Amino acid sequence: MKKPDNHILVIFGASGDLTHRKLVPALADLHKQDLLPEKFAVLGLGRTPLTNEQFREKMSTGIQEFSSKKGDVPNGFLKRLYYYSFNTKEGAEYKGFKDYLLALDKEIGSGGNFIFYLATPPSMYPLIPRFLSEQGLSRDDKGFRRLIVEKPFGHDLASARQLNRELLNYFKEEQIYRIDHYLGKETVQNLLVTRFSNGIYEPLWNRNYIHHVEVTSTEDIGVGNRGGYYEESGALRDMVQNHLLLLTSLVAMEPPALINAESIRNEIVKVLQSLRPIPKEEVPRYVIRGQYIESEVKGQHVKGYRQEKGVDPKSRVETFVAMKFYIDNWRWAGVPFYIRTGKMLPTRVTEIVIHFQPTPHHLFADDPAIIRQQNQLVIRIQPDEGLLLKFGMKVPGAGFRVQDVNMDFHYSDLSDTYLPSAYERLLLDCMLGDPTLYSRGDAVEAAWNFIDPILQAWKEEPCIKVHGYPAGTWGPEEADELIEGDMTWRYPCKNLSDGNYCEL
Ligand code: BG6
């Protein structure tokens, strides 16, 4: 495998949670697989004064706890970590930082190549690139200069547009890497392979054979100590605008001409631009929001959202969203898409369910009113990653009784296959200069364009209900009414092949 060119990865916000839990453990995993370049350093930046040794010690505990590859923390990797403390809000202090960075570059021989990772609060996103550019650090004529921007990318359409404009004042689009960590997940990338490397699916993948599509991403934990952030965000901004619309795009996109950044990202943006806008007055019909309330889960008392740290006791912020929408294009005309996400639900699961059309005539039903379940293809993103196809089989014996059975594949069956973490894959791609799995500016704006009227309706019409749901349940019952007829959501279990409701 090709190794990235020598460089320094500079992390703004290095004393924060993301660096300690995700970024540095992922880098340590890359080191263990010998995927990092020979002359490489991580330079952590933050206001908290730390020596290199203290930073290394702190990161070492993060690696022990969170890296995917178990075993000792490699000393050779820890030696590649450096720390520099300054006030990143002050433009005047960037000269000192630049001098330090260039001296480190010379010392290790990283060739003037730098990646800047913004793992800071979003208010810093426009500022840091400006200060970097004032120091000439965004110019890529003598080495590569790349900028990774964490989510949330904007708070609504106007702020996302503004942020794109500001970043483009200092960096070129091809230097900007906007992270949506879902694209870094192995199983999300496998969606492309499932669809486009198998002849059997593609002919069926359209309005003629697919009845509806379900995308679910739920968690069995609450907001924990992120109450302050979540109050400003809510589930729609936190999960739907990015992760769930991205999964929808990968399910719905046309085959790309090539497997490269431009082709794939062109197809993603086309789906996002084809989402049928939900008019403000229709929002209550198409979008259900909920908030978890206190309850007992497996004999334990669980707090409600309003009792969480940093949350307003009268908060109306949604911790659950279920919605129905359409994609107005040739492939998907008339096919409903249902997406759902929530905190404090019975289990942590992300999956896509393709519901195929029922047979046109129900030959085997004793009672023609009882229609067999449709065929379903379940694409499991996490946990118990894999694929499951549900279809009817004859029950042995007299008559023609039909039973639903499963055909399944679990990644865990590939015993010697290592599933890299999302950050591992994404960091490596950025080092290699491959933006395929990062979001392009126009895609982020197209997603916000779809979400904005919902946010506005909620803001302007406080009478739109926020349904309470007891922690540990599948969200408000009203979410079931979104799905037409007598069909329901799939209520998944931790194990891909298990039936409905087993976690409750
Ligand atoms: C993040 C959200 O983007 O994704 C979190 O901010 C959420 O609220 C997380 O918990 C879920 O990611 P994963 O990889 O655990 O499914």
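Structure values in brief
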{"read-out": "Listing of strands (runs of 3 or more DSSP E) fully contained in region 280-339 that carry 1 or more residues being surrounded by 21 or more Cβ atoms within 10 Å (Cβ to Cβ)", "value": "287-293, 320-325"}
{"read-out": "Breaking point among (1) over 24 Å from the mean Cα position of the chain (by Cα); (2) within 16 Å of the ligand (Cβ to nearest atom), for S439", "value": "(1)"}
{"read-out": "Residue list for region 342-367, filter: in contact with a Phe, Trp or Tyr (Cβ under 7 Å, 6 or more places away or on another chain) and not small (G, A, S)", "value": "K343, M344, L345, P346, F356, Q357, F364"}
{"read-out": "Residues of region 30-44 classified as touching a helix residue (DSSP H, G or I) at 6+ places or on another chain (Cβ under 7 Å) and surrounded by 19 or more Cβ atoms within 10 Å (Cβ to Cβ), total", "value": "8"}
{"read-out": "Out of K3, K39, K69, sole residue that is in contact with a Gly (Cβ under 7 Å, 6 or more places away or on another chain), closer than 30 Å to Y418 by Cα and charged (D, E, K, R)", "value": "K39"}
{"read-out": "Every residue from region 406-429 that is modelled with pLDDT of 90 or more and assigned to a loop (DSSP other than H, G, I, E, B)", "value": "S421"}
{"read-out": "Unique residue being within 16 Å of the ligand (Cβ to nearest atom) and in the same structural domain as T319 (by TED's automatic domain parsing) when the list is R285, R226, R207", "value": "R226"}
{"read-out": "Failed criterion for L428 (all others in (1) within 16 Å of the ligand (Cβ to nearest atom); (2) within 22 Å of I259 (Cα to Cα) hold)", "value": "(1)"}
{"read-out": "Any hit, region 414-430, residues being surrounded by 18 or more Cβ atoms within 10 Å (Cβ to Cβ), in contact (Cβ under 8 Å) with a residue 40 or more places away in the chain and touching a strand residue (DSSP E or B) at 6+ places or on another chain (Cβ under 7 Å)", "value": "yes"}
{"read-out": "Test: residue in region 187-194 that is more than 16 Å from the ligand (Cβ to nearest atom), under 27 Å from the mean Cα position of the chain (by Cα), modelled with pLDDT of 95 or more and outside the structural domain of F40 (by TED's automatic domain parsing)", "value": "no"}
{"read-out": "Some residue of region 344-357 being more than 16 Å from the ligand (Cβ to nearest atom) and either assigned to a loop (DSSP other than H, G, I, E, B) or surrounded by fewer than 16 Cβ atoms within 10 Å (Cβ to Cβ) (or both)", "value": "yes"}
{"read-out": "All positions within region 1-29 that are within 12 Å of I63 (Cα to Cα) and crowded, with 23+ Cβ neighbours inside 10 Å", "value": "T19, L23, V24, P25, A26, L27, A28, D29"}
{"read-out": "Hits in region 431-471 (condition: touching a residue at least 60 places away in the same chain (Cβ under 8 Å), hydrophobic (A, V, I, L, M, F, W, C) and surrounded by fewer than 16 Cβ atoms within 10 Å (Cβ to Cβ))", "value": "L432"}
{"read-out": "Scope region 240-267; condition under 25 Å from G342 (Cβ atoms) and more than 16 Å from the ligand (Cβ to nearest atom); matching residues", "value": "S249, V251, A252"}
{"read-out": "Members of region 100-139 that are under 24 Å from the mean Cα position of the chain (by Cα) and closer than 21 Å to E38 by Cα", "value": "I115, F116, Y117"}
{"read-out": "Total residues in region 385-405, condition surrounded by fewer than 15 Cβ atoms within 10 Å (Cβ to Cβ), not basic (K, R) and not in a loop (DSSP other than H, G, I, E, B)", "value": "4"}
{"read-out": "So L496, is it modelled with pLDDT of 90 or more and surrounded by 13 or more Cβ atoms within 10 Å (Cβ to Cβ)", "value": "no"}
{"read-out": "Criterion: part of a helix (DSSP H, G or I) and open to solvent by 30 Å² or more (accessible area, probe 1.4 Å) - qualifying residue of K89, K98", "value": "K98"}
{"read-out": "Some residue of region 8-31 being over 26 Å from the mean Cα position of the chain (by Cα) and outside any strand (DSSP E or B)", "value": "no"}
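The values are calculated or read from the model by the stated rules, or taken from the named source; none is laboratory data. Since this is a predicted model, take the numbers as computed values, not measurements. Neighbour counts run over all protein chains shown; Cβ positions are idealised from the backbone, glycine included. In case anyone asks, the SASA skips ligands and DNA or RNA and just uses the protein heavy atoms, side chains included. Shrake-Rupley method; radii C 1.70, N 1.55, O 1.52, S 1.80 Å.
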